[in-house]
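Scroll down for the structure; my scribbles are underneath it.
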Amino acid sequence: SRPAQLVCVIRKQFSTSNKAYSQPKEARVALLGASGGIGQPLGLLLKQSPLISHLNLYDIAHTPGVAADLSHIETRAKVAGFLGEDQLKQCLKGANVVIIPAGVPRKPGMTRDDLFNTNAGIVRDLVDACAEVCPKAMIGVITNPVSVVTPSEVLKKRGVYDPKRVFGSDNTGRGSIKYIHCRGKGPGCLESERAGDWGHSGITIIPLISQCTPPVSFPQKIGLQIYLACARCFLFAFSVVQQSPSVFLNPKPEREKLTVRIQNAGHRGGRRQGWCKAKYFATPVLLGKEGIEKNLGMGKLIDFEVNLLKAAMPELLANIKKGEEFVDKTY
Ligand code: NAI
């Protein structure tokens, strides 16, 4: 009969034995600060990924509503909202990847130091909970001006630090977007690297124009402005988060070989070159299932860039010290 035929067709199409529908194993992502300006669109992007089985959204406000909205999208990830400190550990249970855009924006009258202390405190506590509940998770920190130092130091205190699994993120997309706008090119026309930029202090943001593909040239002053003058943009934060879980979860080895430009600890290339004394430094890395497989270093820099890096080093070192001291004093 027709109904029987229909059932048969439906069964065939949705059969779990059909290889086309087979899905990767369980993969859990926790997004902390999920109700914010970064968190909400990031959650939306993560919900699109067929590689994610569970998407846990945590915030101190609005997560039930944000989670309800996302759960209406017909994709694989099962969305759950967690609200307030009492539910943080529950949110982190079993997480393979934790992404942190939680924090407060700079308010009128707030100094950079105030902002650092507030946001570093938030990230410290969130990462401390990760250390307890999901110590093997990969942790990506978006919050400014915290980045990778505070979380790394907390994980060290807890004895679960693995430099391959902690990332800062920054917006290397900005330079590319500015270039696209300036030159009227299409997206993806320029791959660029950016070094430094721990703590978002102006001088530590270094454009690596020599590393652009395809090669480009601008007057050096404009090149620098391309990085410094751009308004906040989410592209890189998104690309990190989109790439990290897929890199991490995708069963096919060739798909794991994605290059992601993120900050991570312990860049050695610069040290070998003699001028980089920083323990934490932003470089492009290759991610694999176990985190960073390879630090790709910065390539061969031109003198202009080396000079910018040398000039930035005192501030970078001071920023790192501040992050370390913050954890020493407050943990
Ligand atoms: P926002 O203020 O819109 O959102 C922050 C969210 O964090 C809010 O929903 C808030 O409730 C939540 N939050 C605050 N304290 C929390 C806690 N203890 N636990 C959990 N959640 C908490 O700010 P927005 O625009 O989303 O930016 C977030 C952070 O990301 C900022 O620090 C910003 O500077 C940084 N950022 C970094 C970028 C990068 O490239 N690394 C790019 C853009 C923003």
(request) For the range 296-314, enumerate the residues that are of a type outside the set (A, V, I, L, M) and closer than 13 Å to ALA278 by Cβ. (result) LYS310, PRO314
(request) Could you please find all residues in the range 111-126 being within 12 Å of the ligand (Cβ to nearest atom) and either assigned to a loop (DSSP other than H, G, I, E, B) or under 12 Å from ALA30 (Cα atoms) (or both)? (result) LEU126
(request) Residue by residue through the range 49-88, note down the ones that are assigned to a loop (DSSP other than H, G, I, E, B), more than 10 Å from the ligand (Cβ to nearest atom) and of a type outside the set (Gly, Ala, Ser). (result) PRO50, LEU51, ILE52, HIS72, ILE73, GLU74, THR75, ARG76
(request) Give me the pairs, please: first residue somewhere in the range 297-308 and without any contact (Cβ under 8 Å) to a residue 60 or more places away in the chain, second residue anywhere and surrounded by 13 or more Cβ atoms within 10 Å (Cβ to Cβ), beta-carbon distance under 6 Å, and either six or more positions apart or on two chains. (result) GLY297/GLY269; GLY297/THR283
(request) Quick one: which residue in ILE52, ILE60, ILE99 is under 18 Å from THR143 (Cβ atoms) and at pLDDT below 95? (result) ILE99
(request) Output the residue which, of all residues in the range 89-106 that are near the ligand (Cβ under 10 Å from one of its atoms) and of a type outside the set (A, V, I, L, M, F, W, C), is nearest to the chain's Cα centre (by Cα). (result) PRO101
(message) Among the residues that make up the range 128-145, is at least one of them closer than 20 Å to LYS329 by Cα, at pLDDT below 90, buried (at least 19 other Cβ atoms within 10 Å of the Cβ) and away from the ligand (no atom under 12 Å from the Cβ)?
(response) no
(request) Filter the range 23-48 for residues that are part of a loop (DSSP other than H, G, I, E, B) and away from the ligand (no atom under 14 Å from the Cβ) and give the result. (result) GLN23, PRO24, LYS25, GLU26, ALA27
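The values are calculated or read from the model by the stated rules, or taken from the named source; none is laboratory data. Since the structure is predicted, the reported quantities are computational estimates derived from the model, not experimental observations. Neighbour counts are summed over all protein chains in view; Cβ atoms, including those assigned to glycine, are modelled from backbone coordinates with ideal geometry.
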